[in-house]
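One structure is given below, encoded as structure tokens.
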Amino acid sequence: MARISLNVNGKTRVVNTDPGSMLLYVLRDDLGLKGAKFGCGLAQCGACTVIMDGKTIRSCSTPVSVAQNRNIITLEGIGSVARPHPLQKAFIEEQAGQCGYCLNGMIMAAKVLLDKTPNPTETEIKKALVANLCRCGSHPRIVRAVKRAATMKA
Amino acid sequence: MRDRSLSRRQFLKGTGALIVSFSFSRPASKALAQSKTPFGIEPDPKSLNSWLAIARDGSVTVFTSKVELGTGIETALAQIVAEELDVPFKRIKMDLGDTAKTVDQSSTTGSRTVESAGPQLRQAAAAARQALMNLASKPLGAPVERLTVEDGVVSVIGNPSKSISYAKLIGGKRFNVAISASGSGRQMKLAPEVRAKDPKQYKIVGASMPRMDLPPKVMGRFSYTQDVKVPGMLHGRVVRPPVVTSKPLSVDEDSVKQIPGIVKVVQEGSLVGVVAKTEWAAIQAAKALKVTWSEPATKLPANPDELYALLKNTKSLRDQVIAEKGNPAAALSQAGKTFEAIYHWPFQLHGMIGPSCAVADVRKDRVTIWTGTQGPFRTRKAIAELLGFPEENIRVIYAEGSGCYGRLSPDDVPEDAVVLSRAVGRPVRVQWMREDEHGWEPKGPAQLMLARAGVDAQGKVVAWDFTDRSFVRTAAEGIPLLASRQVGLKPKREGTANGTQGGGEVYAFENQKVGNALIPWMHPDETPLRTCNLRAPGQPARSFASESFMDEIASELKVDPVQFRLRYLTNKRATETLLAAAKKAQWQERPSPAPASSGSTAKGRGIALTHRTGTFVAIVAEVEVDKLSGNVRVNRITVAHDCGLIVNPNGVQAQIEGNAIQGVSRVLMEEVQFDSSGMKNVDWKSYPILTFPDVPDIEIVLLNRPEMRAQGAGEASLGPVPGAVANAIFDATGVRLREAPFTPSRVLAALKAVPA
């Protein structure tokens, strides 16, 4: 076990954990953050996506030690019910979600896309989300939601 | 799972508050006689308290055993109650699937929730509205006939200043109103004597109300079953053998003792698991635990050929007749032209993105379980049998899982959690890993469809004989699930039918037989190829076969596929649905295949029609086939959909889109791979599903029929997808594919087999 300092959603959090543990379990079980989800543990589905230093990472396959002193942003960190992020607003407006389990990954991947490419084409959106799996079939709505968010002001 | 402001138990605790009491059909005291359990009083269907409660702030809580599986039924049911009660939609709160708080309305399966629980809740709400009007009559000094309600406020007609709100009338107190209830589960008739609203007055039902669950879901604030935490909870994982009948010869506890946080290695019967203080430790321990398993008593078929041979040659347990008319055998022997074809459909996954997860807290006298089951009461029964506990001492609390698609009808994981919790005397959370879920989820069974038809000299189909030979569902009601079997419970049934519809019974042929043969499967041993209901059970395969077969005949007769189908449709809704899809897709009338194309890509279109429990769906698929690689891309799916009265158009559209996308994924890509030793593709790389760039454009025509009862929309539109795609590929290439999925290698082989 080791004491590890993490910067999550702008706050410094210190956890006592196995440094080999994947970041996902620390976020969910130690820090009580529910946004990132366990989907496969193999970096194949995208449900666990968080943003580290401006890039998406798969928290299910990133050891917590790697995340030490890096800037981690989770779904909870980009907006709230009172002050939703444009992407969160757009996903609700487009009713883009059924079971919603994949939405964390969709929104986090879309955020990194929009941060770099504020007005993406449909092809760019689909490419940015190609490694995020959705089983309910909300894809068309998700694409529309990302497009809509691009037109909204933060 | 949202935070619920109002617990029914709080109401039932009896705080000495004023009790409003009167009855429609019998004295309230008699009707409210209820039995006590460790979790309070069992809800009685004949008490309005069991269905609805109104809080001081005017919010309305609805208690239902139906659960939200991602399809949006929670929102639809809330609309129905808001409409009938005349309260704003936003004021409705849904308390779903808690066996201690709800009446068993049967599992959430078969797209039957809006159809069956809808009217039940509508009648409960109508009874509540009537009760509230009666209550308001005295303070308003006017008879009920002179009262009206708007937004939860009762007022005197023509004198709106005389008014009183529901919250003032009853907020925070019990209804204590007896209502009539007869029958049980889906068939339960609730307060039929109370007159409900005329559908012509509907304002909330029929509107695209936004989903109630979506805001917390996109904010990361929603509690899925994976997010449930209870005090003192430990983490568990189960280690599964190649087949369940395999026994652990040795379990080496030393192999995990160095893992920090390990609490216990559990072995009960042939079930082996680990419990640890942290999730990471549990994962590490499950991976590291050395178990030597006995030689499996059962082997799987070595390859698909062996599997399909089993389907073809095994004597059926029983045969179901779906449609029977005239004498198909005689008509076939006299027909001028006969057709015969065999179609193959593989084992496929539900493929929930989040694997199964549950928390169980087993105490001496009571058990509490949080899980994503489709049937909380069904799960309660299974756990009671596993533990030898009375059902009343078990409480199952629904917490939404990740999608479902039929996978959580047999909910395995709470059984694992119960066994581990009992072993350590603490609450235990068990989450399956990806290889557990892919490997051990009960799959959609493989199917073999045999079709024969006879056509007379005038080109009329005079005989139709269709049989689906499908493995039975072995993870079905009344059959012990994985953990139960591993601790020694024996199955008493062989399995249940893999659905019924889609074999061409939607058409009226003079001589017709549509039947299903129930083929026994790997019984009594459980293997990774265990089976259960996968969305629209069996129908995508049957419809693939029957609708392909329709096109095979139409093509041979050189008749346009839409015109050909119209000749055999007698149901007005079926005809209108078919024509609506053709019109929306700008269908060009001509026989298939399309004139041969030069170049390396071929384009085509195909249509298919199905009927499922009261809902008609027609789908046109437009595809592009790369003749060099065999790759098929579905460019556009056009759907016409008639599910009677539409409660929430946007919600129905979402279901159709989901079905179209899942259908394309399943028919183009998905196949469980196996050899005699087990299943081979236990991750997403080896079992890929459709991703964003390959998702087709989807066009939808909704045919609303407000005069009808609402019918299911969760599954029906999956059925026609494979047939429409197969017919479109034939239209593009002139090549008929009779085995799914249409992978590039399979398409290429079929293209090469045909002389150019």
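Each value in this text was obtained by applying a stated rule to the coordinates, not by laboratory testing. In this text the structure is predicted, and so the values were computed from the model without any measurement. Glycine also receives a Cβ, built like all others from the backbone with ideal geometry; neighbour counts cover every protein chain displayed.
Coupling constants for segment B:617-629 follow from the phi torsions by the Karplus curve (6.51 cos²θ - 1.76 cosθ + 1.60, θ = phi - 60°), and in residue order they are 9, 10, 10, 10, 10, 10, 10, 10, 10, 7, 5, 7, 9 Hz; glycine and proline get x.
In debye to the nearest 20, how big a dipole does chain A give about its Cα centre with +1 on each Lys and Arg Cβ and -1 on each Asp and Glu Cβ? Mind dumping the intermediate values first?
Working: 21 positive and 10 negative charges, 56 e Å.
Using Cβ point charges on Lys, Arg, Asp and Glu, chain A gives about 260 debye.
Applying 0.36 nm per residue to the separation of A:LYS127 and A:ALA82 and subtracting their alpha-carbon distance, the gain on full extension is 13.1 nm.
Compute the FRET efficiency between A:GLN68 and B:SER333 as 1/(1 + (r/R0)^6), taking r as their Cβ-Cβ distance and R0 = 51 Å, and round to the nearest 0.05. Working shown, then result.
Details: r = 79 Å, r/R0 = 1.55.
The value I calculate is 0.05.
The antiparallel fraction among DSSP beta bridges confined to segment B:468-618 stands at about 55%.
Have a look at the DSSP beta bridges in segment B:8-219 and tell me what percent are antiparallel, nearest 5.
On the way: 16 of 23 bridges.
In segment B:8-219, DSSP labels about 70 percent of beta bridges as antiparallel.
With a simple spin-label model that places each label point 7 Å from the Cα along the Cα-to-Cβ direction, the separation between B:GLN187 and B:LYS36 comes to 3.4 nm.
I'd like the mean, over residues of B:257-264, of how many other protein chain beta carbons sit within 10 Å of each residue's own Cβ.
Values: counts 0, 0, 1, 2, 2, 0, 0, 0.
Across B:257-264, the average partner-chain Cβ count within 10 Å equals 1.
Could you tell me the relative contact order of segment A:86-151? Use alpha-carbon pairs under 8 Å, at least six residues apart, and round to a whole percent. Each step should come with its number before you reach the end.
Values: 65 pairs, mean separation 35.3, N = 66.
The normalised contact order for segment A:86-151 reaches 53 percent.
Across chain B, the mean sequence separation of Cα contacts (distance under 8 Å, 6 or more residues apart), normalised by length, yields a relative contact order of 13 percent. Only the Cβ atoms of Lys and Arg (+1) and of Asp and Glu (-1) were treated as charged; on that basis the dipole of chain B about its Cα centre amounts to roughly 2060 debye.
When +1 charges are put on Lys and Arg Cβ atoms and -1 charges on Asp and Glu Cβ atoms, the dipole computed for the protein assembly as shown relative to its Cα centre reaches about 2220 debye. When only alpha carbons are used to place a centre, segment A:118-154 and segment B:616-679 end up 20 Å from one another. Under a 5 Å amide H cut-off, with hydrogens placed 1.01 Å from N, B:VAL462 pairs with B:GLY454, B:VAL455, B:ASP456 among residues at least 5 apart or on other chains.
Between B:ALA713, B:PHE377, B:THR278, the Cα set farthest toward the positive side of the dipole of chain B (charges on each charged residue's Cβ, about the Cα centre) is that of B:PHE377. Taken one residue at a time, the phi angles of segment B:449-458 give Karplus couplings (6.51, -1.76, 1.60, θ = phi - 60°) of 10, 10, 10, 9, 8, x, 10, 8, 5, 8 Hz. Gly and Pro are set to x.
Taken along the Cα-to-beta-carbon direction at a fixed 7 Å, the label points for A:SER5 and B:ALA753 span 6.7 nm. Which of rounded, prolate or oblate describes segment B:557-753 when judged by the alpha-carbon gyration tensor and an a/c cut-off of 1.5? Verdict is oblate for segment B:557-753.
Could you calculate the FRET efficiency of B:LYS168 with B:ALA384 from 1/(1 + (r/R0)^6), where r is the beta carbon distance between them and R0 is 35 Å, rounded to 0.05? Each step should come with its number before you reach the end.
Working: r = 43 Å, r/R0 = 1.23.
That pair, B:LYS168 with B:ALA384, gives E of 0.20.
Straight-distance candidates among the aspartates and glutamates for linking to B:LYS200, with alpha-carbon spacing under 13 Å and chain neighbours fewer than 8 residues away dropped: B:GLU83, B:GLU84, B:GLU707. Projected onto the charge dipole of chain B (+1 at Lys/Arg Cβ, -1 at Asp/Glu Cβ, origin at the Cα centre), which of B:ASN681, B:TRP345, B:VAL266 gives the Cα projection farthest towards the positive end? Most positive-ward Cα: B:VAL266.
Quick check: from the Cα gyration tensor, does chain B come out rounded (a/c under 1.5), prolate or oblate? Working shown, then result.
On the way: a/c = 2.08, a/b = 1.22, b/c = 1.70.
Because a/c hits 1.5 or more and a/b fails to exceed b/c, chain B counts as oblate.
Inter-chain neighbour count for A:43-53: the average number of beta-carbon atoms from partner chains within 10 Å of each residue's beta-carbon is 2.
Given R0 = 30 Å, the distance between the Cβ atoms of B:LYS325 and B:LYS558 translates into a calculated FRET efficiency of 0.65. The trypsin sites (Lys or Arg not before Pro) of segment B:621-707 that meet both conditions, a loop assignment by DSSP and at most 15 other Cβ atoms within 10 Å of the site Cβ, are B:LYS680, B:LYS685. The share of Cα pairs per 10 Å bin across segment B:179-306, counted from zero up to the longest distance, runs 10, 20, 18, 17, 17, 14, 4, 0 percent.
Relative to the dominant Cα principal axis of chain A, helix A:103-116 is inclined by about 80°.
Over segment B:8-219, the alpha carbon radius of gyration divided by the compact-protein estimate 2.2 N^0.38 Å works out to 0.98. Remark: for residue pairs B:LYS46/B:LYS66; A:LYS89/B:LYS197; B:LYS381/B:LYS680, the C-alpha separation exceeds 23 Å in A:LYS89/B:LYS197; B:LYS381/B:LYS680.
Can you show me the helix-derived [θ] at 222 nm for chain B, built from DSSP H runs with n ≥ 4 at -39,500 (n - 2.57) apiece and divided by the number of residues, rounded to the nearest 500.
Details: 19 runs with 200 residues, N = 756.
One gets -8000 deg cm²/dmol as the mean residue ellipticity at 222 nm.
Here is how the number arises for chain A: DSSP H runs of 4 or more residues each give -39500 (n - 2.57), the sum is divided by the residue count, and the result at 222 nm is -9000 deg cm²/dmol. Short-range pairs are left out: with C-alpha atoms under 8 Å and at least six residues apart, the relative contact order of segment A:2-77 is 38 percent.
Where both residues lie in the protein assembly as shown, what percent of DSSP beta bridges are antiparallel, nearest 5? Kindly include the intermediate steps, with their values, before the conclusion.
On the way: 107 of 141 bridges.
Roughly 75 percent of the beta bridges in the protein assembly as shown run antiparallel, per DSSP.
Rounding to the nearest 10 and keeping the result within 0 to 90°, find how far the Cα-based axis of helix A:139-151 lies from the longest principal axis of chain A. With both axes taken from Cα atoms, the answer is about 90 degrees.
On a 24 Å Cα-Cα criterion, which of the cross-link pairs B:LYS247/B:LYS299; A:LYS147/B:LYS685; A:LYS34/B:LYS101; B:LYS264/B:LYS287 come out too long?
Working: B:LYS247/B:LYS299 15 Å; A:LYS147/B:LYS685 29 Å; A:LYS34/B:LYS101 26 Å; B:LYS264/B:LYS287 14 Å.
Check vs 24 Å cut-off fails for A:LYS147/B:LYS685; A:LYS34/B:LYS101.
Across all directions, the shadow cast by the convex hull of segment B:407-507 built on its C-alpha atoms averages 9.1 square nanometres.
Taking a ≥ b ≥ c as the square roots of the eigenvalues of the alpha carbon gyration tensor, segment B:560-673 is oblate, as a/c is not under 1.5 and a/b does not beat b/c.
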